[in-house]
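The values are calculated or read from the model by the stated rules, or taken from the named source; none is laboratory data. This structure is a prediction, so every number in the text was calculated from the model and none was measured. Neighbour counts run over all protein chains shown; Cβ positions are idealised from the backbone, glycine included.
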Amino acid sequence: MTSITEEQNGIHQKKPFYRSVPFQIAVAAGVSFTAPGMWDALGGLGAGGAAEPYAVSAANAILLRAIGYPLYGAGLYTNNKTATTWFMIFGSVCCGISAGFFWAAEAAIIIGYPSPKERGFYLACWQTAKASGPIIGGAITLGLNANRETAGSVGSATYIVFIVLMCLGLPIALLLSPAHKVWRKDGTRVVVHKHASWWAELQAVGRLAISRRIVLLVPAFFISYFYNPFVSTWLTSYFTVRSRAFSSFFTPFAGIFSSFIIGTFLDRQSIFIRTRAKVAFATIVTLLVGTWIWAIILQKRFYDNPPVFDWFKGGFGSAYALVFFWTFTGQAFQQYCYWLIGQYTTDLTSLSHHTGILRGLEALGQTVAWAMQSEAGVNHFVSIGINFGILLIAIVPTWIVVSALDHTHEEVVTEEIVGSDKADEEGSVGPEGLQAAALAKN
């Protein structure tokens, strides 16, 4: 494995590349690609590729997800072959249990390992990895289903490919390094502040959950991925199988574009951090409001004369463009939430608490949203109205939090501090190290 050599205090120190931030982010992104990326690819088909969205929506309602992901894919396969729903529900439960741990750890690594000025870029890389799953999975699906001009379910061979890819997540995850061994190119280190006991850890999470900042951000966290189940139902209701396969392949590019656009802007150190935060938030909200107004207009037209769009025929363009911009703005909003909480953390432990709360509320939002789509004949205007309403509710409290942002709150810990007696033998930085770091920052 390639090593990087730096001269520090007159001593040449070899830094293995596999301990660097880029490599660690690549590993985390690889797991995201094989697990949630493939799950998103199935979702991009509309109802996991099923003919009807309701049973799959019910399963997704209990999906909180990388050992459990293959079981979820297997459940979709059996449902496709034999219309068996119990195993699909079982796979969703297993996937949900494992996902709770996966989500918190994944987000903490992506935000906590890079330095604050690089977080926007690495968040975009992470989003790209997740989007690459649907792109590649969508290409596979498109190739296997390109001749299916009618509505219905995708071929069963599609699920076999997804299950194989999902199984690769576990061996890739074994390449991750402990936080205290990761090095950054600017010389700062990842801070890990351990609590004395699990009870102290639980109390810290409780205090954070009821803090003013988190309470204000609850609506934003809840709505950040709330739109996705309705998009799945929209695709299943109004598009042919091959149109849905095309959407599964092409729509993730929208998330990649928006992730790098917002990530690049949020990393611009020449612009004051509060200004960056306000401009980005106002732009995202404006685009989101526009998509839901667009949805209302199209839905009124569809209820009067329900269509089934084949690709590039009839009104496919305007209907699919809405799906594209839902993903474009939705991914940008989700990434913005991660970036925002990343500015308030002092160490990886605190960051895992923040991301755990964010992803928990995000999962709760998805659970409610999937449950709304689990009944046949659900009124689409109700779904649109709830999405639009919660978005409007989230604007003011999120703006209050954004307006209070004046600098990144991360403690700056250097190689010297970690190498001193202020770091414990496992590499975690104790209170004295954090105090020294704060003095160094100021």
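Can you tell me which of (1) in contact with a helix residue (DSSP H, G or I) (Cβ under 6 Å, 6 or more places away or on another chain); (2) under 30 Å from residue 89 (Cβ atoms); (3) not in a helix (DSSP H, G or I) is the one residue 306 doesn't meet?
Going through the list (1) in contact with a helix residue (DSSP H, G or I) (Cβ under 6 Å, 6 or more places away or on another chain); (2) under 30 Å from residue 89 (Cβ atoms); (3) not in a helix (DSSP H, G or I), residue 306 breaks only (1).
Inspect all residues belonging to the stretch 99-114 and state whether any of them is assigned to a loop (DSSP other than H, G, I, E, B) and modelled with pLDDT of 80 or more. If you could, list the steps in order and put the result at the bottom.
From the stretch 99-114, those assigned to a loop (DSSP other than H, G, I, E, B) are 113-114; that's our starting set.
Retained after the next criterion (residues that are modelled with pLDDT of 80 or more): 113-114.
Yes, the conditions are met somewhere in the stretch 99-114.
Which of the residues that make up the stretch 179-219 are touching a Gly at 6+ places or on another chain (Cβ under 7 Å) and exposed (fewer than 15 other Cβ atoms within 10 Å of the Cβ)?
181, the sole residue that qualifies.
So is residue 294 farther than 18 Å from residue 127 by Cα and in contact with a Phe, Trp or Tyr (Cβ under 6 Å, 6 or more places away or on another chain) or not? Steps first, answer last, please.
Values: farther than 18 Å from residue 127 by Cα: yes; in contact with a Phe, Trp or Tyr (Cβ under 6 Å, 6 or more places away or on another chain): no.
No; evaluated as a whole, the condition is false for this residue.
Starting from the stretch 169-182, take each residue that is assigned to a loop (DSSP other than H, G, I, E, B) and list its partners that are among the basic types (Lys, Arg), counting only C-beta distances under 6 angstrom and pairs at least six apart or across chains.
Going by the 6 Å Cβ cut-off, the qualifying pairs are 177/19; 182/19.
Could you pull out the residue among 165, 142 that is modelled with pLDDT of 70 or more and not basic (Lys, Arg)? Write out each step before concluding.
Numbers: 142 fails: modelled with pLDDT of 70 or more.
Result: 165 is the single residue among 165, 142 that is modelled with pLDDT of 70 or more and not basic (Lys, Arg).
Assess whether residue 331 counts as being closer than 26 Å to residue 381 by Cβ and over 23 Å from the mean Cα position of the chain (by Cα). First the steps, then the outcome.
Details: closer than 26 Å to residue 381 by Cβ: yes; over 23 Å from the mean Cα position of the chain (by Cα): no.
Against the criterion (closer than 26 Å to residue 381 by Cβ and over 23 Å from the mean Cα position of the chain (by Cα)), residue 331 does not qualify.
Kindly state which helices (runs of 4 or more DSSP H) lie completely within the stretch 195-281 and contain at least 3 residues that are under 28 Å from residue 309 (Cα atoms) and among the hydroxyl-bearing types (Ser, Thr, Tyr).
Working: elements: 198-209, 212-223, 227-238, 241-250, 252-266.
Output list reads 227-238, 241-250.
Given the conditions (1) surrounded by fewer than 20 Cβ atoms within 10 Å (Cβ to Cβ); (2) within 30 Å of residue 260 (Cβ to Cβ), report the number of the one that residue 385 does not fulfil.
(2)
Where the second residue is outside any helix (DSSP H, G or I) and the first is at positive phi and lies in the stretch 315-336, which pairs have Cβ atoms under 7 Å and are six or more apart or on separate chains?
As it stands, the answer is none, since no pair meets every condition given.
If I ask for residues that are assigned to a helix (DSSP H, G or I) and at pLDDT below 85, which ones from the stretch 367-404 would you list?
Initially, the stretch 367-404 is screened for residues assigned to a helix (DSSP H, G or I), giving 367-372, 380-403.
Within the stretch 367-404, 367, 370, 371, 372 meet the criteria.
Taking the stretch 299-321 only, how many residues are of a type in the set (A, V, I, L, M) and either buried (at least 19 other Cβ atoms within 10 Å of the Cβ) or closer than 18 Å to residue 241 by Cβ (or both)? Before you say what the answer is, go through the steps one by one.
Going residue by residue through the stretch 299-321, those that are of a type in the set (A, V, I, L, M) are 308, 319, 321.
Subset that is either buried (at least 19 other Cβ atoms within 10 Å of the Cβ) or closer than 18 Å to residue 241 by Cβ (or both): 308, 319.
Selection size over the stretch 299-321: 2.
Say whether the condition of being hydrophobic (A, V, I, L, M, F, W, C), under 21 Å from the mean Cα position of the chain (by Cα) and over 23 Å from residue 125 (Cα atoms) is met by at least one residue in the stretch 335-349. Reasoning before the result, please.
Pass one, the stretch 335-349, residues hydrophobic (A, V, I, L, M, F, W, C): 337, 339-341, 348.
Of the ones still in play, those that are also under 21 Å from the mean Cα position of the chain (by Cα) are 337, 339-341, 348.
Remaining after also requiring over 23 Å from residue 125 (Cα atoms): none.
Looking for residues that are hydrophobic (A, V, I, L, M, F, W, C), under 21 Å from the mean Cα position of the chain (by Cα) and over 23 Å from residue 125 (Cα atoms), one finds none in the stretch 335-349, hence no.
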